[in-house]
Amino acid sequence: MAAATAPSMSLRKPAFVGQKVRSASRGSSATRAPVSVRASADRPLWLPGSTPPEHLDGSLVGDYGFDPLRLGSDPWTLYWMQQAELQNARWAMLGVVGILVPELMTKAGILDAPMWTEAGAKQYFASPVALTIVQFYLFAWVEGRRWQDILKPGSTSEDPIFKGRGYVCTGKDVGYPGGKWFDPLGMATPDQEAKLRLKEIKNGRLAMLAFLGFLVQANVTGKGPVDNLLDHLSNPGKVTFFSNIGW
């Protein structure tokens, strides 16, 4: 993620679509209508019976009225945090798969992969310095394009390298580019897109919590999540979270 800095006064903030839907439109060249979530008086909340903040009216995907510190009371901050959560959720889902699959394959004898916390020390096809430089360059390019799209929705819908080849982002909402690059199977049909977006953010939030759990487990036990699970299943009464932290 790009560094979360407050926008300066010289930056043009993205236009919001009315007061209800706080997601910017990407541009008129897209072929699909933007997907929004209707606010409902009886919508589910993170704490049943509670009163959600006024700025969380149910129009955002996955909005359950959770903002006890009122961090998103400013519309621009809320917009930025929505995009930040979406991107971190996607990275967390990839990270969780990248941790679990190699460990499972190593346990099955298919792969000989190091523990995920030690993978960075392994020698690969290039030196760590070269890989770091390439990674920084690629991240800067991608994040720069994404930031440009946040400031001016629709401005990065077609990459200049592949211009005129049909690889156009057809999505109309920032953070959901669509098109052949990001929806090659055409799964996000108009009647399914809102459901898929909700499933994505729910699974992304779960993945962020899972990654935090993996990190804590690795620091406490020195093992990966699969090993920790197997240890618990072998002796559920004694090998627990509390026993691992010395209680």
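The values are calculated or read from the model by the stated rules, or taken from the named source; none is laboratory data. Bear in mind that the values here come from a model prediction, so they are computed numbers and not experimental data. Backbone-built Cβ (ideal geometry, glycine too); neighbour counts: all protein chains shown. Surface accessibility is based on the protein's heavy atoms, side chains included, excluding ligands, DNA and RNA. Shrake-Rupley method; radii C 1.70, N 1.55, O 1.52, S 1.80 Å.
Computed from phi, the 3J(HN,Hα) profile of region 168-178 under the Karplus parametrisation 6.51, -1.76, 1.60 (θ = phi - 60°) reads 10, 6, 8, x, 10, 10, 4, x, 10, x, x Hz, with x in place of Gly and Pro. The amide H of Val168, built 1.01 Å from its N in the peptide plane, has Lys180 as neighbours under 5 Å, considering only residues 5 or more places off or on other chains.
Taken per residue, the accessible surface of region 98-247 reaches 67 Å², heavy atoms only and a 1.4 Å probe.
Phi-derived couplings, Karplus 6.51 cos²θ - 1.76 cosθ + 1.60 at θ = phi - 60°, listed residue by residue for region 100-115: 6, 4, x, 5, 5, 5, 5, 4, 7, x, 7, 9, 10, 9, x, 4 Hz, with x used for Gly and Pro. Taking 20 Å as the limit for the C-alpha separation, the pairs Lys107/Lys223; Lys107/Lys199; Lys152/Lys202; Lys152/Lys172 exceed it in the case of Lys107/Lys199; Lys152/Lys202. With both labels modelled 7 Å from their Cα along Cα-to-Cβ, the Leu104 to Leu215 distance reads 2.3 nm.
Would you mind calculating the gained length between Ser73 and Asp112 on full extension (0.36 nm times residue separation, minus the Cα-Cα distance), in nm to one decimal? Walk me through the numbers before you get to the answer.
Working: separation 39, 0.36 × 39 = 14.04 nm, distance 4.88 nm.
Gain on stretching Ser73 to Asp112: 9.2 nm.
Relative contact order of region 45-199, taken over Cα pairs closer than 8 Å and 6 or more residues apart, is 12 percent. Couplings 3J(HN,Hα) of region 217-222, computed from phi: 4, 5, 6, 7, 9, x Hz, in residue order, whole Hz [Karplus 6.51 cos²θ - 1.76 cosθ + 1.60, θ = phi - 60°; x for Gly and Pro].
Quick one: compute the contact order of region 107-247, relative version, from alpha carbon pairs under 8 angstrom and 6+ residues apart, as a percent. List each step's numbers first, then the result.
On the way: 64 pairs, mean separation 17.0, N = 141.
Reported relative contact order: 12 percent.
The Rg/Rh ratio for region 34-140 is 1.16, where Rg is the radius of gyration of the alpha carbons and Rh is the Kirkwood radius.
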